Amino acid sequence: MDAFFASVEQRDNPDLRGKPVAVGSNSARGVIAAASYEARKFGVHSALASRIAVSRCPHLIFVPHRFAVYKEVSQQIREVFGRYTELIEPLSLDEAYLDISDAVDSWEEAIAVAQNIKRDILEETKLTATAGIAAGKFLAKLASGLQKPDGLTVIKPEEASAFLDALPIEKFHGVGPATSKKFAALGIHTGGVLAKANRIDILRHFGKRGGYFHDIANNIDVSPVRPNRIRKSISVETTFDKNYDAIDALIPMLAPLAKKVNATLQRLNRTATGVVVKVKFSDHTIQTRQMKVAGKLPNETLLLAAAETLLKERIELRLPIRLLGVGVTGLNNPEQSREVKEGQTGFLF
């Protein structure tokens, strides 16, 4: 995600848009948790001391963190990912690897998936994401940082060696200042030089991590995407530009949400036995209602009918509504064994 915490604050407070914003405290010992792109132009970034940030940008606007909100938005984004693959390895609230090997047969299809995910995230969260596509996790992560914000970078296998050869050693993930100096002392400043170095010597100086760096420099990256949990539900949400104070006005908005949920079930070849409707009120409190269905999903007609029933009969309209969501529960277990295609496509947001 692009400047995630700060972007959420700018989304939720129009007065902050287009201004340099820092999430954190402007106290003597305060530290910046996130900075908007407007603030980054002044050299303000995460982990920077607040007093230094103010010296670089005197008109910097500080806002307190709202980690519960960031976590909720992160879950929305994970739900988007889950429509395209179940192989999701979260790195943080705003980053994840996605293995989409089972969902695509070509690089063109992979690019289309990335574009669709970026579109869904923007439509449902009003936030932008940047994607990187490559045949391994290391290059995918690097690619995801090259065209921020709202970018998409592809590094195809035939382009990987040239990219790695020119890559400065300090840009290798896991190579910090101290390790970078050790490489420099050996005359190793780029991936190309590291690739040609004697592997035994690298292992002697850097241990097991040195072997990993040497492999990466030679475009050997077999690290799998490791999902941390079995998916038990699927949901789709939309946040409105204005609040709604009538249930009837929300009924037509259920159909596109149900359609997306149903399509995800079909794409993942999963079945479900329950339906959930979620609303968020103008004060950010949430209400969810769910029910079992007499039949297996995917079945778009049955799904939509159940969602309409829940919205009309079970949701208590106590405040205007700013978000509407539809989901399914009771998913069957996915197949435990998966055939891995040659040239897995790593996919990082």
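The values are calculated or read from the model by the stated rules, or taken from the named source; none is laboratory data. In this text the structure is predicted, and so the values were computed from the model without any measurement. Positions of Cβ are backbone-derived with ideal geometry, glycine not excepted, and every protein chain shown enters the neighbour counts.
Before moving on, here are some points about what is shown:
- Scanning the range 208-222 for residues that are within 19 Å of Ala160 (Cα to Cα) and at pLDDT 90 or above yields Gly211, Tyr212, Phe213, His214, Asp215, Ile216, Ala217, Asn218, Asn219, Ile220, Asp221.
- Criterion applied to Gly82, Gly24 was being more than 17 Å from Pro149 (Cβ to Cβ), within 15 Å of the chain's Cα centre (by Cα) and small (Gly, Ala, Ser), and the one residue passing it is Gly82.
- Count of residues meeting criterion [touching a residue at least 24 places away in the same chain (Cβ under 8 Å), part of a loop (DSSP other than H, G, I, E, B), hydrophobic (A, V, I, L, M, F, W, C) and surrounded by fewer than 17 Cβ atoms within 10 Å (Cβ to Cβ)] in the range 122-180: 0
- Apart from one condition, His45 fits all of (1) under 18 Å from the mean Cα position of the chain (by Cα); (2) free of Cβ contacts under 8 Å to residues at least 24 places away in the same chain; the exception is (1).
- Positions within the range 1-21 being within 19 Å of the chain's Cα centre (by Cα) and of a type in the set (Gly, Ala, Ser), in sequence order: Ala3, Ala6, Ser7
- Of everything in the range 21-59 that is part of a loop (DSSP other than H, G, I, E, B) and touching a Ser or Thr at 6+ places or on another chain (Cβ under 6 Å), the residue that is surrounded by the fewest Cβ atoms within 10 Å (Cβ to Cβ) is Asn26.
- Yes/no for Leu203 being in a helix (DSSP H, G or I) and in contact with a strand residue (DSSP E or B) (Cβ under 6 Å, 6 or more places away or on another chain): no
- Residues that are without any contact (Cβ under 8 Å) to a residue 12 or more places away in the chain and closer than 30 Å to Glu170 by Cα, drawn from the range 202-246: Leu203, Arg204, Gly207, Lys208, Gly210, Asp215, Ile220
- Condition broken by Glu79, with the remaining ones in (1) touching an Asp or Glu at 6+ places or on another chain (Cβ under 8 Å); (2) surrounded by fewer than 16 Cβ atoms within 10 Å (Cβ to Cβ) satisfied: (2)
Quick grid of which residues meet (1) surrounded by 13 or more Cβ atoms within 10 Å (Cβ to Cβ); (2) outside any strand (DSSP E or B):
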position: Lys242; (1), (2): no, no
position: Leu254; (1), (2): yes, yes
position: Arg267; (1), (2): yes, yes
position: Arg270; (1), (2): yes, yes
position: Val275; (1), (2): yes, no
position: Val279; (1), (2): yes, no
position: Asp283; (1), (2): no, yes
position: Gln290; (1), (2): yes, no
position: Thr309; (1), (2): yes, yes
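- Qualifying residue in the range 62-76 (condition: over 25 Å from Val326 (Cα atoms) and either of a type in the set (A, V, I, L, M) or in contact with a Lys or Arg (Cβ under 9 Å, 6 or more places away or on another chain) (or both)): yes
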